[in-house]
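Engineer: Handing you a structure now.
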Amino acid sequence: MAAFLNGVTTLLVLCCFSFSCAGDFEDENIAFDISSPQSLKVDSVSFNTTKKRYLIYDVNPGEGFNLRRDVYMRIANLMEILRKKENWILVVPPWRRLYHWRSPSEQTGIPWRKFFDLKSLNRYIPVIEFEDFVKETGSSGIDELIYLQRYKEGWKDGHWEEKIDDRDCNDSPVYSKDEAGVYRGHFWGFDKVFGRKFRCISVQGTSAILAGLLHKTKSR
């Protein structure tokens, strides 16, 4: 796993992210009648589904297809670490139009199954589409939004070390509170999606340093 490097686009594994932990609450705007299996088994590890935790991630809108595919593999490695202690489920972010896509077709909220075989992805870690996350939780809300960023001061005396801290946002926040007190912003073109909390985290290190942060969160 590559380290977080100090540079323009180095918030998480060589790329900028909004990092989200999914919610355990009802949203009156969305109601689904679903039936899901009582247990999930991946890599010979069995968990009760009532103890699921969801990890949603995203990259900057301008990043290309190949980088997004590469980022998935890095996030999958982080998920493997997380799942050693808890039943984390990875929610892959919907695709939206990329700059080099010239098709006139609608390109908002394209599911991953359009490009990849989800059954194959699930042989390594449990992976679901965002729409399936909404169905499973009965909500379009996300408990907590964590925006990963570099350290504003850079490396101290040119010395690199692993560290992670709550910090003020280096740039203008990408999410803001609306009149209802929830956070709105870039959510793949879906108007009903919102966040309950938002914070910026400066991070410098390998993916393992994020595992400790996520295990400590109270978000589902």
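Engineer: Hey, what do the phi angles of the range 73-78 turn into as Karplus ³J(HN,Hα) couplings, whole Hz, using 6.51/-1.76/1.60 and θ = phi - 60°, x for Gly and Pro?
Structural biologist: 5, 5, 5, 4, 5, 4
Engineer: Shifting gears a bit: Any idea how far apart PHE116 and TRP188 come out in nm if each label point goes 7 Å out from Cα toward Cβ?
Structural biologist: 1.2
Engineer: So which of LYS114/LYS135; LYS51/LYS84; LYS114/LYS192; LYS52/LYS84; LYS192/LYS216; LYS85/LYS216 end up more than 21 Å apart by C-alpha? Provide the component values of the computation, followed by the final result.
Structural biologist: On the way: LYS114/LYS135 19 Å; LYS51/LYS84 14 Å; LYS114/LYS192 23 Å; LYS52/LYS84 13 Å; LYS192/LYS216 28 Å; LYS85/LYS216 12 Å.
Cα-Cα > 21 Å for LYS114/LYS192; LYS192/LYS216; rest within.
Engineer: List, in order, the whole-Hz ³J(HN,Hα) value for each residue of the range 178-185 obtained from phi through the Karplus relation with A = 6.51, B = -1.76, C = 1.60 and θ = phi - 60°; use x for Gly and Pro.
Structural biologist: Result, rounded to whole Hz: 9, 5, 7, x, 10, 8, 10, x.
Engineer: At 7 Å along Cα-to-Cβ for each site, give me the label-to-label distance between GLU179 and ARG167 in nm.
Structural biologist: 3.6
Engineer: Which cross-chain or sequence-distant (5 or more) residues have an amide H under 5 Å from the amide H of ASN60, H modelled 1.01 Å from N in plane?
Structural biologist: Here the answer is CYS16, since their amide H atoms fall under 5 Å of that of ASN60.
No lab work stands behind these numbers, since they all come straight from the coordinates. As the structure is a prediction and not an experimental result, all values here were calculated from the model. In this analysis, Cβ positions are derived from the backbone assuming ideal geometry, glycine residues included, and neighbour counts consider all displayed protein chains.
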